[in-house]
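Worksheet: the structure to be examined is printed underneath.
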There are 2 protein chains.
Amino acid sequence: MKITYKGDYALKAVLALSVRYGTGVVTIHELASEADIPLKFLEQVLLELKRGGFVESKRGKIGGYLLAKHPAEIKVGDVVRFVDGPIEPITCVEKKYSGCRDIYKCAFRGIWQDVSKAISGIIDNVTFEDLARQIKKRQEAFSYSI
Amino acid sequence: MKITYKGDYALKAVLALSVRYGTGVVTIHELASEADIPLKFLEQVLLELKRGGFVESKRGKIGGYLLAKHPAEIKVGDVVRFVDGPIEPITCVEKKYSGCRDIYKCAFRGIWQDVSKAISGIIDNVTFEDLARQIKKRQEAFSYSI
DNA sequence: GTATACTCTACTAAGTTTATAGAGTTAGTA
DNA sequence: TACTAACTCTATAAACTTAGTAGAGTATAC
């Protein structure tokens with residue numbers, strides 16, 4: 001499992017949209033400057049997220065992006081797997097694999113399966129609602145402290 | 001975390017040497033054909049493992065490789081980290097990192113730290129003695145069944 | 001002194017990552 | 001209608017990583 005910049009950007013974009021869920025659209029430009037992401041790269045990431053059903057877009061002058069579902073329905077794992085591919089640390093643990101000629105000899109397979117399960121257990125148990133709530137709390141705490 | 005072919009080959013080589021621990025040296029050629037690894041690639045992997053203190057070599061006509069320590073003293077995690085680098089899924093969780101300008105905003109950091117801990121919890125709790133014992137058991141079971 | 005096996009450096013083809021460029025499309029509004 | 005702001009799509013490219021190959025060099029048993 002490796003989180004690439006693309007994956008990182010995707011997660012941050014979805015989180016930014018989660019925090020603003022229900023408040024209309026956000027432009028790529030806003031998202032890019034807020035999260036410090038190269039604009040043209042973010043364009044591609046958002047298009048991909050759209051194809052994946054995570055976000056929706058509105059074109060035209062007052063256009064922008066918004067979340068396609070409620071933040072509670074999007075897990076961190078969903079975005080990671082969609083953008084950066086399978087979380088398995090090695091190919092032989094992915095579902096369709098049928099490689100290892102003598103599978104009984106592959107002493108490591110069990111370990112990689114355990115690793116995969118452990119990772120899933122973490123990233124599939126955090127939704128963007130959880131993360132958005134954290135962010136909002138911090139923002140409140142910050143504004144009180146002024 | 002991603003296990004590359006190099007990492008995979010390294011693990012298999014160390015395991016093969018673990019199974020034969022105490023029985024003298026094994027040539028690269030034997031290891032390569034036993035584990036179906038390209039010979040010249042395995043050469044490099046073994047040299048690297050030697051520099052890492054995992055294996056020792058004996059040159060000359062009756063030369064070959066052997067484990068530098070007892071299999072019980074080598075964890076799977078040691079080899080993985082040495083050959084394929086840090087197991088952290090993203091740079092910002094590695095020890096020396098001091099990047100994130102506003103770390104309090106990085107809502108994902110905690111997740112990646114949890115993932116790292118979970119992976120470590122698995123790969124640092126399996127030694128090559130454990131794995132070698134498994135292999136030997138299977139070999140026995142196999143020979144009984146004939 | 002020769003065969004065998006490890007040592008070391010360099011090279012390369014292919015794939016992935018991280019962007020950048022630019023032309024095209026949609027929709028609000030003056 | 002014309003203009004503008006914003007999304008859409010395809011192509012390209014530099015840098016890096018991976019996986020493997022090549023070949024000359026060094027040590028040691030016999």
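Within region A:102-111, does at least one residue satisfy the condition of being free of Cβ contacts under 8 Å to residues at least 12 places away in the same chain, surrounded by 17 or more Cβ atoms within 10 Å (Cβ to Cβ) and among the small types (G, A, S)?
Scanning region A:102-111 turns up at least one residue that is free of Cβ contacts under 8 Å to residues at least 12 places away in the same chain, surrounded by 17 or more Cβ atoms within 10 Å (Cβ to Cβ) and among the small types (G, A, S).
Can you pull out every residue in region B:26-43 that is of a type in the set (D, E), within 15 Å of DNA strand D (Cβ to nearest atom) and more than 14 Å from every other protein chain (Cβ to nearest Cβ)?
B:E43
Can you pull out every residue in region A:54-83 that is small (G, A, S) and in contact with a Phe, Trp or Tyr (Cβ under 9 Å, 6 or more places away or on another chain)?
Correct list: A:S57, A:A68, A:A72.
(1) modelled with pLDDT under 95; (2) within 11 Å of DNA strand C (Cβ to nearest atom); (3) basic (K, R): which one isn't true of B:K40, the others all being true?
(1)
Go through region B:47-67 and give me each residue that's more than 6 Å from DNA strand C (Cβ to nearest atom) and either within 14 Å of another protein chain (Cβ to nearest Cβ) or on the phi < 0 side of the Ramachandran plot (or both).
B:E48, B:L49, B:R51, B:G52, B:F54, B:V55, B:E56, B:K58, B:I62, B:L66, B:L67
Do the conditions hold for A:K2, that is, is it assigned to a loop (DSSP other than H, G, I, E, B), near DNA strand C (Cβ under 8 Å from one of its atoms) and open to solvent by 50 Å² or more (accessible area, probe 1.4 Å)?
Taking the combined requirement at face value, the residue satisfies it.
Restricting the first residue to region A:44-67 and requiring it to be within 9 Å of DNA strand D (Cβ to nearest atom), which pairs with a second residue that is small (G, A, S) and open to solvent by 30 Å² or more (accessible area, probe 1.4 Å) meet a Cβ separation below 6 Å and a spacing of at least six or different chains?
As it stands, the answer is A:K50/A:S57; A:V55/A:A68; A:E56/A:A68; A:Y65/A:S57, since those pairs meet every condition given.
Using the structure shown, decide if B:E88 is among the charged types (D, E, K, R) and either more than 21 Å from A:V115 (Cα to Cα) or within 12 Å of DNA strand C (Cβ to nearest atom) (or both).
For B:E88, the condition - among the charged types (D, E, K, R) and either more than 21 Å from A:V115 (Cα to Cα) or within 12 Å of DNA strand C (Cβ to nearest atom) (or both) - is not met.
With the requirement that a residue be open to solvent by 20 Å² or more (accessible area, probe 1.4 Å), in contact with a Ser or Thr (Cβ under 8 Å, 6 or more places away or on another chain) and over 19 Å from B:V14 (Cα atoms), what does region B:77-92 give you?
B:E88
Just to verify a result, which residue in region B:28-37, among those that are open to solvent by 50 Å² or more (accessible area, probe 1.4 Å) and modelled with pLDDT of 95 or more, is farthest from B:Q134 (Cα to Cα)?
Of everything passing the filter in region B:28-37, B:H29 is farthest from B:Q134 (Cα to Cα).
Here is a check on your reading of the model: is B:T23 away from DNA strand D (no atom under 12 Å from the Cβ) and surrounded by fewer than 17 Cβ atoms within 10 Å (Cβ to Cβ)?
yes
Only one residue in A:L11, A:L17, A:L47 is part of a helix (DSSP H, G or I) and over 26 Å from B:R109 (Cβ atoms). Which one?
Only one candidate passes the filter, namely A:L47.
Could we say that A:A10 is within 12 Å of chain B (Cβ to nearest Cβ), under 14 Å from the mean Cα position of the chain (by Cα) and either exposed (fewer than 14 other Cβ atoms within 10 Å of the Cβ) or without any contact (Cβ under 8 Å) to a residue 24 or more places away in the chain (or both) here?
The answer is no for A:A10.
The values are calculated or read from the model by the stated rules, or taken from the named source; none is laboratory data. Being a predicted model, the structure only gives us computed values, none of them experimental. Cβ coordinates were reconstructed from backbone atoms using ideal geometry, including for glycine residues, and neighbour counts include every protein chain displayed. SASA here: full protein model, heavy atoms, side chains in, ligands and nucleic acids out. Shrake-Rupley method; radii C 1.70, N 1.55, O 1.52, S 1.80 Å.
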